[in-house]
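**Student:** Before I ask anything, here is the structure I am working with.
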Amino acid sequence: MPADLSAPAPPAPRRTPLQQVRLSAGLLAGEAAALASRVARRGSGASIRGRVLTRVDPQALAKLLPGRRIAVVSGTNGKTTTTHLLAAAVRQGLGSSASRMVTNADGANLHHGIASALGRAPKADIAVLETDERVVADVVRLGHPEVLVLLNFSRDQLDRHHEIKSLGTAWLRALMTAGADGPVVVANATEPLIVWAARHAKQVVWVDTQNLWHADSVLCPECGSTLVTEASTGSAGGRWRCTGCDLAQPEATWRVVDGRIVDPAGVSHDPQLHVPGAFNVSNAACALAAAAVLGVPVETALTGMRTVTSPAGRFATTKFGDTTARLLLAKNPAGWAEALPIMATDTVVLAIDSVAADGKDVSWLWDVDFEQLAGKQVVASGPRAHDLAIRLKYAEVEHRVEPDLARALSGHPDPVDVIATYTPFQKLRKLGGLA
C-alpha cells in the first residue's frame with residue numbers, strides 16, 4: 001500500500017500515575033530552567049530544558065517517543081540541513097495540519113535535546129528528528145521510527161565517537177534486532193559502511209548521492225579487503241565494490257545526476273534549493289526519498305524544501321559591525337572538502353577550536369586541501385588559530401592570524417565567507433545575532 005501522510009500515529013502505551021507524575025515534574029522543571037536561561041541571555045534554553053528534564057525523569061525519552069510517526073536523520077555530515085529539508089517537506093504535505101509535526105530544529109540531537117523538543121509538543125503525532133550517530137540505536141529501540149535516513153560516515157571527533165566502524169556496528173545491530181518492526185531505511189548507496197550497516201534492515205531505499213569523499217572508505221567493513229571504484233554508466237563517481245567479498249554498491253532507485261534528482265520513475269527534478277553546494281542536492285535527495293516513504297508527493301516535498309535557507313545558522317548571511325559575512329559549518333575533513341569549493345569571496349575567515357564539541361585532536365587539519373585557497377586573503381582565527389596557521393604555511397597560502405573572532409571579522413569592506421568548526425560557529429551565531 002502507498003504511504004499516507006494523514007495516517008494516524010500508533011497508540012502510545014499507557015503510563016502509570018507515578019510515571020506520568022515524574023514526567024510532568026521533569027517537563028515543568030525543564031521549562032523553568034529554559035526560562036532562566038533566556039532571562040539570563042545564555043541561549044534559547046532548549047538544551048538546558050532537556051538536561052533538566054532527563055535528570056528529573058531519566059525515562060523521559062522512552063515515554064515521549066512512542067505514539068508518534070517518527071522519521072530519524074543521522075550521519076556525520078549534513079544531518080541538520082537534511083532534517084530541516086525533510087521537516088519542511090512534511091510540513092508542506094500537512095498543510096493546515098502542520099501543527100501535527102515536531103522537530104528539533106535547533107540541532108540538539110542527543111537524548112536530552114530530542115526529549116526537549118518532544119516535551120514541548122505532546123500532541124504532535126509526527127516527529128522529524130535529527131539524531132546523533134551514537135543515539136540512533138536507542139531511538140530505533142525506543143521509538144520504532146517509520147523511516148531512518150542514513151547519510152554518510154566519516155571520521156569525526158574520534159575522542160568521543162571512536163572509530164566509525166564501531167558506530168556502523170551499533171546501527172547494524174539495532175536494525176537486525178528491530179527486524180520486521182524496524183524502520184524503512186533511506187541509505188546513501190555510495191557509502192560502504194552505510195551499505196554494510198543498512199543491508200539487514202527490513203527495507204532499504206538506496207540513494208546514489210554522487211559522493212566525492214572516499215578517504216574514509218578504503219577497507220571493506222565486512223572482510224577488511226581493499227575497496228575499489230570502477231567506472232559505471234550513470235554514476236559520475238563510479239561504483240565501488242570489495243575485492244574480497246560480495247559487498248558492493250547497490251543499485252539506487254533515487255539518484256543525483258548533474259545537480260538534479262531522479263526519482264524511481266525516472267523523472268528528473270531540479271531541486272532549486274536555497275542552500276548552496278552540490279552536497280546539499282545530495283542531502284535533498286535523501287530527504288526527498290524519506291518524504292516519499294512518509295507519503296509526501298515529490299513536487300509538494302520540493303516546494304517545502306525550497307523554503308529552507310539557513311538551517312540552524314548554516315549558510316546564513318549576517319553583519320558583524322560593518323562586515324557582512326556568510327557562515328558555514330565544517331567539522332571534519334569531509335565537511336571541509338565540501339565547504340571550501342563554494343567560497344565565493346576574496347577574503348575567507350577560518351575559525352578552529354578543539355574543545356569536546358569540536359574534537360580535541362586537530363591532526364585532521366592535514367587531511368584538508370587548504371591549497372585551493374591560494375590567491376585569497378585568509379584569516380586564521382579561533383583558539384587553535386596557530387595550529388591552522390602552520391597548516392596554511394605548508395599549503396603555501398598567504399594568511400594572517402587573529403585568534404579573536406570579533407577582531408578577525410572586523411574591518412572588511414567587502415563580504416567575507418567564514419568556515420568554522422562547531423564551537424566557533426556557535427559563537428559566531430551569537431555575535432551575529434542569529435542565536
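The values are calculated or read from the model by the stated rules, or taken from the named source; none is laboratory data. Here the structure is a predicted model, which is why all the values come from computation and not from measurement. For neighbour counting, all protein chains shown are included, and Cβ atoms are generated from backbone atoms with ideal geometry for every residue, glycine included. Areas reflect the complete protein model, heavy atoms only, side chains present, ligands, DNA and RNA absent. Shrake-Rupley method; radii C 1.70, N 1.55, O 1.52, S 1.80 Å.
**Student:** Determine the gain in length on full extension of the stretch Ser268-Asp414; use 0.36 nm per residue of separation and subtract their C-alpha separation, reporting nm with one decimal. Don't skip to the answer; put the middle values down first.
**Tutor:** Numbers: separation 146, 0.36 × 146 = 52.56 nm, distance 3.79 nm.
Using 0.36 nm per residue and subtracting the Cα-Cα distance, I get 48.8 nm.
**Student:** Moving on to the next point. Exceeding 19 Å between C-alpha atoms, which entries from my cross-link table qualify? They are Lys79/Lys331; Lys63/Lys202; Lys319/Lys427; Lys123/Lys202.
**Tutor:** Listed pairs above 19 Å: Lys63/Lys202; Lys123/Lys202.
**Student:** Where the centroid of each part is defined by its Cα atoms, how far is segment 108-145 from segment 320-357 in Å?
**Tutor:** Cα centroid to Cα centroid, the span is 29 Å.
**Student:** Tally Lys and Arg at +1 and Asp and Glu at -1 over the other residues with C-beta under 13 Å from the C-beta of Gln426: what net charge comes out?
**Tutor:** Numbers: positive: Arg42, Arg314, Lys331, Lys427, Arg429, Lys430; negative: Asp106, Asp353, Asp358.
Net charge in that neighbourhood comes out at +3.
**Student:** Using 10 Å bins from zero, what percent of all Cα-Cα pairs in segment 1-95 falls into each bin?
**Tutor:** Final binned percentages: 14, 28, 38, 19, 1, 0.
**Student:** Met176: net charge of surrounding residues, Cβ under 13 Å, Lys/Arg +1, Asp/Glu -1, itself excluded?
**Tutor:** Values: positive: Arg141, Arg173, Arg199, Lys202; negative: Asp181.
Summing Lys and Arg as +1 and Asp and Glu as -1 gives +3.
**Student:** Pick out, in residue order, every one of the GluC sites (Glu not before Pro) in segment 122-203 that is DSSP loop and has at most 16 other C-beta atoms within 10 Å; say none if there are none. Present the calculation step by step, with values, prior to reporting the outcome.
**Tutor:** Details: sites: Glu130, Glu133, Glu146, Glu163; in loops: Glu146, Glu163.
When the GluC sites (Glu not before Pro) of segment 122-203 are filtered for loop state and at most 16 Cβ neighbours within 10 Å, Glu163 remain.
**Student:** Step through the residues of segment 319-328 one at a time and calculate ³J(HN,Hα) from phi using the Karplus curve (6.51 cos²θ - 1.76 cosθ + 1.60, θ = phi - 60°), rounding each to whole Hz and writing x for Gly and Pro.
**Tutor:** Karplus-based 3J(HN,Hα) across segment 319-328 equals 10, 10, x, 8, 9, 9, 9, 9, 9, 10 Hz.
**Student:** Now a separate question. Going by a ≥ b ≥ c, the root eigenvalues of the Cα gyration tensor, does segment 216-330 fall in the rounded group (a/c under 1.5), the prolate group (a/b larger than b/c) or the oblate group? The partial results should precede the final answer.
**Tutor:** Details: a/c = 2.64, a/b = 1.50, b/c = 1.76.
Taking the square roots of the gyration eigenvalues as a ≥ b ≥ c, segment 216-330 is oblate.
**Student:** Which residues in segment 241-258 have a backbone N closer than 18 Å to a point placed 7 Å from the Cα of Glu222 along the Cα-to-Cβ line?
**Tutor:** What the label zone holds, given the 18 Å backbone N cut-off, is 241-252.
**Student:** If you don't mind, there's one more thing I want to ask. Straight-line reach from Lys376: which aspartates and glutamates fall under 14 Å, measuring Cα to Cα and dropping same-chain residues less than 8 apart?
**Tutor:** Qualifying aspartates and glutamates at Cα under 14 Å: Asp346, Glu396, Glu398, Asp414, Asp417.
**Student:** Treating only the Cβ atoms of Lys and Arg (+1) and Asp and Glu (-1) as charged, compute the dipole magnitude of the chain about its Cα centre; round to the nearest 20 debye.
**Tutor:** Numbers: 44 positive and 41 negative charges, 396 e Å.
I would put it at about 1900 debye.
**Student:** Let me ask something else about it. I'd like to check one number: the per residue accessible area of segment 42-92, probe 1.4 Å, reported in Å² as a whole number.
**Tutor:** Details: 1590 Å² over 51 residues.
Computed with neighbouring chains in place, this is 31 Å² per residue.
**Student:** State the percentage of accessible surface on the chain attributable to carbon and sulfur atoms; use a 1.4 Å probe and exclude ligands, DNA and RNA. All intermediate terms of the calculation are to be shown ahead of the outcome.
**Tutor:** Numbers: 10020 of 18810 Å².
Carbon and sulfur atoms account for 53 percent of the accessible area of the chain.
**Student:** Excluding Gln20 itself, what net charge comes from residues whose Cβ is under 11 Å from its Cβ, given Lys and Arg +1 and Asp and Glu -1? It would help to have the intermediate numbers written out before the result.
**Tutor:** Working: positive: Arg14, Arg15, Arg22, Lys63; negative: Asp57.
Net charge in that neighbourhood comes out at +3.
**Student:** For the chain, what is the mean residue ellipticity at 222 nm derived from helices alone (per DSSP H run of n ≥ 4: -39500 (n - 2.57); sum divided by total residues; nearest 500 deg cm²/dmol)?
**Tutor:** Details: 15 runs with 154 residues, N = 435.
Calculated at 222 nm, the ellipticity per residue is -10500 deg cm²/dmol.
**Student:** Over the Cα atoms of segment 243-398, what radius of gyration and what Dmax do you get, in Å?
**Tutor:** 19.0, 58
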